[in-house]
Amino acid sequence: MKKKSIFAIGGALSAIIVIGLVVYGNSQTEDAGQVRLRPDDLQLVATGKKIYDANCASCHGRDFKGEPNWRERSDDGLLPAPPHDETGHTWHHPDDLLFALTKYGPAKMIGDGYQSAMPGFEDVLTDEEIIASLSYIKSRWPQEIRQRHDQMNQSAAR
C-alpha cells in the first residue's frame, strides 16, 4: 500500500507541476520567465533568511525539514509542508515555478477547487522578498544540488 501511495503522490505532484506551468505561463507577462534566484548574493540571502523565518519556518521548519509525513495527506485531506532541504522536492522545480507557487499558492495556480494549506504571498511579500526567501533556501542546498538546479533552470530557459 505504501508503494501505491508514493506513486499516487508522485503522479499528483507531476500533475501539479504541469498544471502550474500551464496556468503560470498563461497568466504572466513575458518578464515572468526572467525570475532567477541569487543564492550567492549574501545581502539578498541575509534578507531572505529574515523573510523565511517570519513567513515560512513555522511550517517548513527553521532547519528546512518540513512537517512529518509530508508525502501523505493529513486527516483534513491536505498535504503537510514539504522540506526545503535536499530531501524534499523544492529543488526539482525551476525558479519560475518556485516563485509562482510562493506568490500565488498551489490552490490558485491549480484551481478546480484544489485545496492546500500553503497560502499565496502576493498580498504579503513583494516579488523581491519572495526571490530573497527562495534565494536563502537555495543557498542552504549542497553544492551538487545547486548545480543540478542551475542546469534545470538553463534547460527550462531554452
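Cα centroid distance between segment 102-125 and segment 47-61, in Å? The distance from the Cα centre of segment 102-125 to that of segment 47-61 comes to 17 Å.
Just to be sure I understand the curve: with the Debye formula and one point per C-alpha of segment 93-158, what is log10 I(q)/I(0) at q = 0.11, 0.15, 0.19, 0.20 Å⁻¹? Calculated log10 I(q)/I(0) at the listed q: -0.30, -0.55, -0.81, -0.87. With a threshold of 19 Å on the Cα-Cα distance, the over-threshold entries among LYS50/LYS138; LYS65/LYS138; LYS103/LYS138; LYS108/LYS138; LYS50/LYS103 are LYS108/LYS138. The ranking of HIS92, HIS149, HIS60, HIS84 by Cβ neighbour count inside 10 Å, starting from the fewest, reads HIS92, HIS149, HIS60, HIS84. Between GLN43 and GLU128, the simple label model (points 7 Å from Cα in the Cβ direction) yields a spacing of 1.0 nm.
Exposure proxy shown here: for SER155, SER139, the number of other Cβ atoms within 10 Å sets the order, fewest to most, as SER155, SER139.
The fewest-to-most ranking of LYS138, LYS49 by surrounding Cβ atoms within 10 Å reads LYS49, LYS138.
Values in this text are rule-based calculations from the coordinates and carry no lab data. Just so we're clear, the structure is a prediction, and the values are computed from it rather than from any experiment. Glycine also receives a Cβ, built like all others from the backbone with ideal geometry; neighbour counts cover every protein chain displayed.
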